[in-house]
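Chemist: Shown below is the structure under consideration.
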Amino acid sequence: MKHDVADFGLVRKGKTRIEWASNQMPVLELIRKRFLKEKPLKGLRLSACLHVTCETANLVIALKAGGADVVLVASNPLSTQDDVAASLVRDFGIAVHAVKGEDRKRYYSHIYAALDHGPHITMDDGADLVTAIHKEPAKHKRNIFAGTEETTTGVIRLRSLEAQGRLMFPIVAVNDADTKHFFDNRYGTGQSTIDGIIRATNILLAGSTVVVCGYGWCGRGVAARAKGLGARVIVTEVDPLKALEAVMDGFQVMPMEEAARRGDVFVTVTGNTGVIRREHFLRMKDRAIVSNSGHFDVEIDTAGLRKMAVKVRPVRDSVQEFALPGGRRIYLLAEGRLVNLGAAEGHPAMVMDMSFANQALSAEWVAGEWKALEKKVYRVPADIDKEIARLKLKSMGVSIDGLSEVQKKYLSGWEAGT
Ligand code: ADE
């Protein structure tokens with residue numbers, strides 16, 4: 001089995017961490033047990049390009065239990081947990097190509113290793129795997145009949161391919177399932193981003209001013225958690241609807257130019273490029289902390305910051321100091337890459353349980369349905385989404401009411417009124 005991981009000395013640590021995460025992933029565990037019996041992915045090669053974490057380990061273990069021949073590669077150069085990668089190879093016989101801190105060349109050599117596997121199904125987080133196929137289809141398209149996509153940024157890229165009529169196979173947008181983005185993007189990103197900032201810097205958030213750039217599901221989560229820890233939160237937005245929502249959620253909303261002056265800590269979660277730029281760095285306070293939790297490292301102009309700096313030096317793990325002319329300093333976390341995965345461990349397993357239940361069940365769904373699917377981006381079927389919510393509630397010991405016959409009739413009729 002081919003693989004590329006950093007250090008087999010980390011195998012034991014990786015295994016115990018994978019088991020620890022498994023304790024918090026009861027829905028995925030149910031799926032794994034059923035997959036083991038039913039083998040819905042038997043005979044299928046599956047290439048997954050995901051953050052290599054203990055939660056992802058539990059997903060690929062479930063996919064293997066379902067009969068899939070899985071290769072796992074990193075979806076970000078900084079997010080790999082090397083102990084997990086080592087354990088997956090040694091303890092679980094899963095081919096992993098991922099090394100924390102890998103450069104672009106090695107990152108793409110891993111993507112090509114995933115494609116050389118000749119997958120029937122692709123599983124992406126950010127669409128780097130699928131876009132690599134679309135850039136060189138003659139080389140890589142071969143056996144693929146469908147894929148799944150984990151994140152907002154990936155879904156946007158795939159919808160762009162679809163709109164241009166260039167999408168080559170159907171993809172399920174796992175991100176768009178309610179049991180994914182309502183929870184993972186909001187509570188997962190909310191907590192793990194704050195976790196990354198605190199682990200990197202050990203700052204006190206109470207009393208500090210945190211600027212959250214972007215008020216999508218992720219931004220809402222980060223803003224709510226920062227507020228919960230006592231920070232004054234400022235939101236910047238380009239969408240009037242989201243900005244209005246932020247105002248009514250009790251946050252100050254203003255243009256970046258103004259927020260740049262006020263913030264102690266900045267977090268970008270827009271999914272867009274060039275959000276914090278030179279003109280903003282020039283306005284920032286001395287010792288401002290700048291971080292990103294959007295999928296790609298394009299939200300903060302790190303190249304611009306480097307050019308402006310008279311000196312750059314690491315000051316802590318995941319923290320670089322940029323000394324600007326005139327004496328001010330800016331601290332950049334996790335090189336401007338996902339701070340929650342670069343400086344912390346990503347979203348907690350409890351929430352990834354639902355995201356990855358969606359992945360596993362979507363893989364099963366496309367394995368059965370692919371012949372009937374068009375070259376489009378599909379939503380996760382609503383019955384899968386609801387079932388995951390039902391199982392998650394059950395695992396948490398929460399029961400809810402059901403509709404009475406009278407209520408069902410009322411909801412399906414139009415006659416009853418004033
Ligand atoms: N994305 C965000 N958090 C993650 C995690 N813990 N595992 C895999 N992907 C993630």
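Chemist: Among the listed residues TRP365, TRP370, which satisfies the condition of being out of contact with any Leu (no Cβ under 7 Å at 6 or more places or on another chain), in a helix (DSSP H, G or I), more than 16 Å from the ligand (Cβ to nearest atom) and modelled with pLDDT of 95 or more?
Modeler: Among TRP365, TRP370, only TRP365 is out of contact with any Leu (no Cβ under 7 Å at 6 or more places or on another chain), in a helix (DSSP H, G or I), more than 16 Å from the ligand (Cβ to nearest atom) and modelled with pLDDT of 95 or more.
Chemist: For the stretch 46-75, how many residues meet the condition of being in a loop (DSSP other than H, G, I, E, B) and either near the ligand (Cβ under 9 Å from one of its atoms) or surrounded by fewer than 24 Cβ atoms within 10 Å (Cβ to Cβ) (or both)?
Modeler: Number of matching residues: 5.
Chemist: Which condition breaks for VAL406 when tested against (1) outside any strand (DSSP E or B); (2) within 29 Å of CYS54 (Cα to Cα)?
Modeler: Failing condition for VAL406: (2).
Chemist: Within the stretch 321-334, identify whether any single residue is among the aliphatic types (A, V, I, L, M), buried (at least 22 other Cβ atoms within 10 Å of the Cβ), touching a helix residue (DSSP H, G or I) at 6+ places or on another chain (Cβ under 7 Å) and not in a strand (DSSP E or B), and answer yes or no.
Modeler: yes
Chemist: Now for a different question. Out of GLY271, GLY346, GLY368, report the one residue that is closer than 21 Å to MET123 by Cα, in contact (Cβ under 8 Å) with a residue 60 or more places away in the chain and over 24 Å from the mean Cα position of the chain (by Cα).
Modeler: Result of the check over GLY271, GLY346, GLY368: GLY368.
Chemist: Scan the stretch 156-170 and tell me whether some residue there is free of Cβ contacts under 8 Å to residues at least 24 places away in the same chain and either within 16 Å of the ligand (Cβ to nearest atom) or not in a helix (DSSP H, G or I) (or both).
Modeler: yes
Chemist: Specify the residue that is surrounded by the fewest Cβ atoms within 10 Å (Cβ to Cβ); the eligible residues are those in the stretch 133-152 that are more than 16 Å from LEU46 (Cα to Cα) and without any contact (Cβ under 8 Å) to a residue 40 or more places away in the chain.
Modeler: The extreme case among them is ALA138.
Chemist: On to the next question. Being assigned to a helix (DSSP H, G or I) and without any contact (Cβ under 8 Å) to a residue 60 or more places away in the chain is the filter here, so list the residues in the stretch 33-45 that pass it.
Modeler: Those that are assigned to a helix (DSSP H, G or I) and without any contact (Cβ under 8 Å) to a residue 60 or more places away in the chain: LYS33, ARG34, LEU36, LYS37, GLU38.
Chemist: Against the conditions (1) β-branched (Val, Ile, Thr); (2) in contact with a strand residue (DSSP E or B) (Cβ under 6 Å, 6 or more places away or on another chain); (3) under 30 Å from ILE384 (Cα atoms), where does VAL315 fall short? Just the number, please.
Modeler: The one condition VAL315 does not meet is (3).
Chemist: Inspect all residues belonging to the stretch 200-207 and state whether any of them is closer than 17 Å to VAL233 by Cα, surrounded by fewer than 24 Cβ atoms within 10 Å (Cβ to Cβ) and among the small types (Gly, Ala, Ser).
Modeler: Checking the stretch 200-207: at least one residue is closer than 17 Å to VAL233 by Cα, surrounded by fewer than 24 Cβ atoms within 10 Å (Cβ to Cβ) and among the small types (Gly, Ala, Ser).
Chemist: Follow-up. Only residues in the stretch 1-28 that are in a helix (DSSP H, G or I) count as the first member; pair them with residues that are surrounded by fewer than 20 Cβ atoms within 10 Å (Cβ to Cβ), Cβ under 6 angstrom, at least 6 apart or cross-chain, and list the lot.
Modeler: Within 6 Å, the pairs are VAL11/ARG90; LYS15/ASP91; PRO26/SER395; VAL27/LEU391; VAL27/LYS392.
Chemist: For the condition closer than 29 Å to MET254 by Cα and among the β-branched types (Val, Ile, Thr), what is the one hit in VAL366, VAL339?
Modeler: That would be VAL339, the only listed residue that is closer than 29 Å to MET254 by Cα and among the β-branched types (Val, Ile, Thr).
Let's see how each residue does on (1) aliphatic (A, V, I, L, M); (2) away from the ligand (no atom under 16 Å from the Cβ); (3) within 29 Å of ALA173 (Cβ to Cβ):
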site: ARG277; (1), (2), (3): no, yes, no
site: PRO325; (1), (2), (3): no, yes, no
site: VAL339; (1), (2), (3): yes, no, yes
site: ALA344; (1), (2), (3): yes, no, yes
site: LEU361; (1), (2), (3): yes, yes, yes
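Chemist: Surrounded by fewer than 24 Cβ atoms within 10 Å (Cβ to Cβ) and more than 11 Å from the ligand (Cβ to nearest atom), is that true of LEU393?
Modeler: When the stated conditions are applied, LEU393 passes them.
Chemist: Which condition breaks for VAL5 when tested against (1) within 16 Å of the ligand (Cβ to nearest atom); (2) surrounded by 24 or more Cβ atoms within 10 Å (Cβ to Cβ)?
Modeler: (1)
Chemist: With respect to GLU374, determine if the residue is out of contact with any helix residue (DSSP H, G or I) (no Cβ under 8 Å at 6 or more places or on another chain), surrounded by fewer than 16 Cβ atoms within 10 Å (Cβ to Cβ), in contact (Cβ under 8 Å) with a residue 40 or more places away in the chain and farther than 30 Å from ALA288 by Cα.
Modeler: yes
Chemist: Quick check on my filter: what residues within the stretch 209-230 are assigned to a loop (DSSP other than H, G, I, E, B) and surrounded by fewer than 24 Cβ atoms within 10 Å (Cβ to Cβ)?
Modeler: Across the stretch 209-230, the qualifying residues are GLY216, LEU229, GLY230.
Chemist: Here's something else I'd like to know. Working only within the stretch 335-362, note down all residues that are closer than 17 Å to THR268 by Cα and in a helix (DSSP H, G or I).
Modeler: Result: GLU335, GLY336, VAL339, ASN340, LEU341, GLY342.
Chemist: Consider VAL310 against the criteria (1) under 26 Å from TYR107 (Cβ atoms); (2) more than 16 Å from the ligand (Cβ to nearest atom); (3) β-branched (Val, Ile, Thr): it satisfies all of them except one. Which criterion is unmet?
Modeler: Of (1) under 26 Å from TYR107 (Cβ atoms); (2) more than 16 Å from the ligand (Cβ to nearest atom); (3) β-branched (Val, Ile, Thr), only one is false for VAL310: (1).
Chemist: A follow-up question, please. Yes or no: the stretch 146-155 includes at least one residue that is more than 16 Å from the ligand (Cβ to nearest atom) and within 22 Å of the chain's Cα centre (by Cα).
Modeler: Within the stretch 146-155 (the criterion being more than 16 Å from the ligand (Cβ to nearest atom) and within 22 Å of the chain's Cα centre (by Cα)), the answer is yes, since at least one residue qualifies.
The values are calculated or read from the model by the stated rules, or taken from the named source; none is laboratory data. Being a predicted model, the structure only gives us computed values, none of them experimental. No Cβ is skipped: glycine too gets one built from the backbone with ideal geometry, and neighbour counts run over all protein chains shown.
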